[in-house]
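A short reminder: the numbers here are calculations on the coordinates, not readings from a lab. Since this is a predicted model, take the numbers as computed values, not measurements. Every residue, glycine among them, receives a Cβ derived from its backbone with ideal geometry; neighbour counts consider all protein chains shown.
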Amino acid sequence: MEAHEGRLNHANIPKRFIGARLSDFNNQIIKDIEKFITHTGWASLLVLGPVGTGKTHLGCAIAYEIAKTKTVLYTTLYAMSQKVMADMNDNSKKETYRYKGAEIFQKVGVLIIDEMGRSFTTDAEKNRLFDIINYRYENLLPTVILANKGKDELFHSIGEGVADRLRESMQGLVLTGKSWRK
Ligand SMILES: Nc1ncnc2c1ncn2[C@@H]1O[C@H](COP(=O)(O)OP(=O)(O)OP(=O)(O)O)[C@@H](O)[C@H]1O
Ligand SMILES: [Mg+2]
């Protein structure tokens, strides 16, 4: 199997967005994304915008591009939290394996977290997000964040430690216009 295709199969791109490509967006956005993709080392990309403006479409188009050269994983914050917390709470696992659920999110070449605006219900969830972002930060692994909240509100909801790391070497992009769904 071609390497690109193999990595795409593990990228968790939702069915609706499998055909999403960077070329669906304007030249400025394409340029900004290319800058992010070619950056080596720690970087984060924050994509904001109201409902239906194409954040998930863009996130999946980025995943398609990244998969040409690196491993990449698309997830919503909720799905990631569920997965990580399920492992944490699995008493059948030895203490040392409880944190395994977070590993894939920590170590993947580029992690794309959609619907980042959701508030956490427990401190444990917030701490696990910190573990993931901090690991990626320490190991110079890029992260893409997609959200439809304002930046201040978003940074407040994810916690200061996470927000501060993301802010360092952060590229921002705001999608505007009418919802594509209308
Ligand atoms: N540039 C584009 N070209 C073609 N179709 C697009 C483009 N951007 C978005 N779409 C389509 O429009 C619809 C809405 O886009 P998308 O789901 O990415 O919006 P969103 O910003 O993630 O919205 P929400 O905040 O509600 O999650 C989808 O069906 C998507 O495939
Ligand atoms: Mg979306």
Taking first residues from region 108-122 that are closer than 15 Å to His156 by Cα and second residues anywhere that are part of a loop (DSSP other than H, G, I, E, B) and of a type outside the set (Gly, Ala, Ser), the pairs with Cβ under 7 Å that are 6 or more apart or on different chains are Gly117/Asn148; Gly117/Lys149
Pairs returned, first residue in region 16-41 that is within 16 Å of ligand 2 (Cβ to nearest atom), second residue that is of a type in the set (Phe, Trp, Tyr) and outside any loop (DSSP other than H, G, I, E, B), beta-carbon separation under 8 angstrom, 6 or more apart or interchain, are Ala20/Tyr64
Considering region 1-15, residues that are touching a residue at least 60 places away in the same chain (Cβ under 8 Å), in a loop (DSSP other than H, G, I, E, B) and not polar (S, T, N, Q), and then whichever is farthest from Lys70 (Cα to Cα), we arrive at Pro14
Of the listed residues (Ile18, Ile30, Ile66), the one being surrounded by 17 or more Cβ atoms within 10 Å (Cβ to Cβ) and either closer than 15 Å to Thr143 by Cβ or within 14 Å of ligand 1 (Cβ to nearest atom) (or both) is Ile66
Those residues of region 152-182 which are within 16 Å of ligand 1 (Cβ to nearest atom), surrounded by 15 or more Cβ atoms within 10 Å (Cβ to Cβ) and over 23 Å from Asn26 (Cα atoms) amount to Leu154, Ser157
Given the criteria surrounded by 19 or more Cβ atoms within 10 Å (Cβ to Cβ), in contact (Cβ under 8 Å) with a residue 60 or more places away in the chain, within 12 Å of ligand 1 (Cβ to nearest atom) and of a type in the set (Ser, Thr, Tyr), does Thr53 qualify?
yes
Do we have any residue at all in region 65-78 that's touching a helix residue (DSSP H, G or I) at 6+ places or on another chain (Cβ under 9 Å), of a type outside the set (Ser, Thr, Tyr), outside any loop (DSSP other than H, G, I, E, B) and within 22 Å of Gly159 (Cα to Cα)?
yes
